[in-house]
Amino acid sequence: MKRYTHTIAHTLQAPPAEPEFEQALHEVESTLAPLFEKQPEYKRALRVIQVPERVIQFRVPWENDNGEVEVNVGYRVQFNSALGPYKGGLRLHESVNLSILKFLGFEQIFKNALTGLSDELGGGKGGSTFSSKGRSDNEIRRFCVSFMTELSKHIGQDTDIPAGDIGTTGREVGFMFGQYKRLRNEFSGILTGKGLSWGGSLIRPEATGYGVVYYVVEMLKHFNETVKGKRTLVSGSGNVAQYAALKVIELGGSVHSLSDSKGSVIAADGFTPEDIFEIQDLKAKFGYLADWVKTKGDKYVYHAGARPWTLLEKVDIALPSATQNEVSGEEAKALLKAGCRIVAEGSNMGSTQEAIDVYESTLTSEKPLWYGPGKAANSGGVAVSGLEMAQNSQRLRWTAQDVDQRLEQIMKDCYANCFEVGQKYGSGKGYPSLVTGANIAGFLKVADAMKSHGDWY
């Protein structure tokens with residue numbers, strides 16, 4: 001991965017072994033230049049904010065079904081608590097390392113700041129190198145019990161409230177919650193993404209996917225257009241991709257791609273809701289799209305080892321919803337050539353810096369490829385996690401319609417904030433940079449709180 005040279009004097013650089021974190025830091029830092037030109041004192045805040053308040057690493061020993069002891073590494077990066085208790089997911093995947101978790105925790109700081117919730121949230125992230133794929137329920141339970149036994153020493157409803165993430169479904173959240181309850185002898189909203197019968201919120205599984213589409217709806221309003229009739233590419237086939245696809249279809253658009261780690265499926269006429277439900281069942285059993293497509297007709301074409309961005313000649317909207325760095329600079333150029341008008345990230349840091357440079361270079365053209373960064377566009381997930389916490393505190397259960405309306409309004413407000421700040425600190429020509437707007441708006445909110453606490457001066 002490309003190494004980035006920091007442009008702001010005296011900032012701390014990420015170690016060479018942390019390329020994802022360094023990339024995230026560079027992406028934020030480079031867009032803060034207009035703020036630093038007007039108010040250079042905020043450079044001091046960046047020096048502090050880029051260092052986690054606390055990094056916790058621990059071993060997770062557990063017994064597999066053969067009676068053998070296995071050991072994984074567990075982490076919790078408690079990055080910033082200026083606005084409230086740490087909030088961010090727990091990722092269970094073999095790719096987990098400190099670089100990835102620090103990048104995700106750093107992004108989470110600003111994402112949480114942009115939600116505009118009345119109960120503010122700090123930023124954190126955690127997880128383990130464990131993967132549930134190929135494991136029995138009993139093995140997953142034993143791992144989760146061991147993981148939470150150590151993690152419970154460092155979290156609490158007023159300290160750190162983790163959530164689910166890649167590999168951490170309602171099943172894993174349930175096992176972890178049960179162990180926390182046994183250890184602490186208390187029933188509290190210590191985790192979000194809980195089951196509906198024991199403190200979870202309606203619309204939480206749908207929130208990130210729905211939210212990114214609600215953000216796109218606001219972007220399209222600037223073009224005096226709607227989702228209806230728009231040809232959309234979606235990457236991934238997990239939770240975020242599934243619900244983003246369903247919301248696009250509900251609003252009258254068409255979804256022509258889904259993908260997983262082995263390849264992409266292109267649907268010439270678009271996926272149906274029934275297709276998405278079948279894929280939900282497939283993914284719940286850790287299946288692959290290559291197997292699903294064998295049961296379908298010629299309208300579905302599988303491309304082994306390929307991402308979807310170069311596979312259609314005409315595209316209106318692209319929603320990267322799988323993992324980090326899934327759109328390269330060359331793929332961004334291919335989307336531009338295909339007529340794509342909007343890229344909005346359902347994944348975190350879904351675009352490489354080279355891809356972002358392509359998007360941003362088009363802002364002064366009549367038909368830009370307008371970019372909604374993940375820290376804004378996919379903030380619906382943590383927003384509804386915050387709403388779940390509010391319901392837990394009040395011992396209430398809101399209706400699905402009520403939660404969905406609140407989510408839609410949060411995404412409208414988030415977009416408006418990014419747009420207005422992007423305009424304020426932009427060149428005044430063309431379309432405002434939403435990534436600049438998101439980064440400056442989130443940074444200022446957190447930095448000002450930190451200054452009030454005496455963390456920098």
Taking only protein heavy atoms and a 1.4 Å probe, what accessible area per residue, in Å², does the range 51-133 have with all protein chains in place? 33
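Defining a contact as two alpha carbons under 8 Å apart and six or more residues distant in sequence, what relative contact order in percent does the chain show? Spell out each step's value before the answer.
Numbers: 949 pairs, mean separation 71.5, N = 457.
Relative contact order comes out at 16 percent.
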How many angstrom lie between the C-alpha centres of the range 95-135 and the range 296-325? 26
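Pull out a ≥ b ≥ c, the square roots of the eigenvalues of the alpha-carbon gyration tensor of the range 281-390, then state rounded if a/c is under 1.5, prolate if not and a/b is larger than b/c, and oblate in the remaining case.
Details: a/c = 2.21, a/b = 1.10, b/c = 2.01.
In terms of gyration-tensor shape, oblate.
Which whole-number percentage describes the relative contact order of the range 161-260, with Cα contacts under 8 Å and a sequence gap of 6 or more? If you can, show how the numbers build up before the last one.
Working: 117 pairs, mean separation 22.2, N = 100.
The normalised contact order for the range 161-260 reaches 22 percent.
Taking all protein chains as present, what is the carbon and sulfur share of the accessible area of the range 44-184, in % to the nearest whole number, probe 1.4 Å? Numbers along the way, then the final one.
Numbers: 2270 of 5150 Å².
Roughly 44 percent, rounded to a whole number.
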Helix-derived mean residue ellipticity, 222 nm - over the chain, DSSP H n ≥ 4, -39500 (n - 2.57), to 500: -13500 deg cm²/dmol
Can you run phi through the Karplus equation (6.51, -1.76, 1.60; θ = phi - 60°) for the range 35-52 and list ³J(HN,Hα) in whole Hz, with x for Gly and Pro? 5, 5, 5, 7, 9, x, 4, 6, 4, 5, 5, 5, 4, 7, 5, 7, 9, x
What are the residues whose amide H is under 5 Å from the amide H of G74, where those residues sit 5 or more places off or on another chain and H is modelled from the backbone? F58, R59, V60
Answer with one residue from G287, P373, V301: the one whose Cα lies farthest towards the positive end of the charge dipole of the range 206-377, charges on Cβ with Lys, Arg +1 and Asp, Glu -1. V301
Assigned charges on the beta-carbon of Lys, Arg, Asp, Glu; the range 101-214 dipole about Cα centre (debye): 400
Would you mind checking which residues have amide H under 5 Å from G88's amide H? H placed 1.01 Å from N; only 5 or more apart, or other chain. G124, I161, A163
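Restricting to the chain, what percent of DSSP beta bridges are antiparallel, rounded to 5? Provide the component values of the computation, followed by the final result.
Working: 27 of 45 bridges.
The antiparallel fraction comes to roughly 60 percent.
Using Cα-Cα distances under 8 Å and only pairs 6 or more residues apart, what relative contact order does the range 44-184 have, in percent? Please report the intermediate quantities before stating the final value.
Details: 270 pairs, mean separation 39.4, N = 141.
Reported relative contact order: 28 percent.
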Can you tell me the order of 369-375, 123-129 when each peptide is scored by its average per-residue count of other Cβ atoms within 10 angstrom, highest first? 123-129, 369-375
Report ³J(HN,Hα) in whole Hz for each residue of the range 426-440, in order, from the Karplus equation J = 6.51 cos²θ - 1.76 cosθ + 1.60 where θ = phi - 60°; Gly and Pro get x. x, 7, x, 10, x, 7, x, 7, 6, 6, 5, x, 5, 5, 5
How large is ³J(HN,Hα) for each residue in the range 68-73, as worked out from phi by the Karplus curve 6.51 cos²θ - 1.76 cosθ + 1.60 (θ = phi - 60°), to whole Hz, x for Gly and Pro? 8, 7, 10, 10, 10, 9
For the range 44-184, what class follows from the C-alpha gyration tensor (a ≥ b ≥ c being the square roots of its eigenvalues): rounded when a/c is under 1.5, otherwise prolate if a/b is larger than b/c, else oblate? prolate
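The values are calculated or read from the model by the stated rules, or taken from the named source; none is laboratory data. Keep in mind that this is a model prediction, so the values were computed, not measured. Please note: Cβ atoms are built from the backbone with ideal geometry, for glycine as well, and neighbour counts cover all protein chains shown. When the accessible area is computed, the model is the full protein with side chains, heavy atoms only, and any ligands, DNA or RNA have been set aside. Shrake-Rupley method; radii C 1.70, N 1.55, O 1.52, S 1.80 Å.
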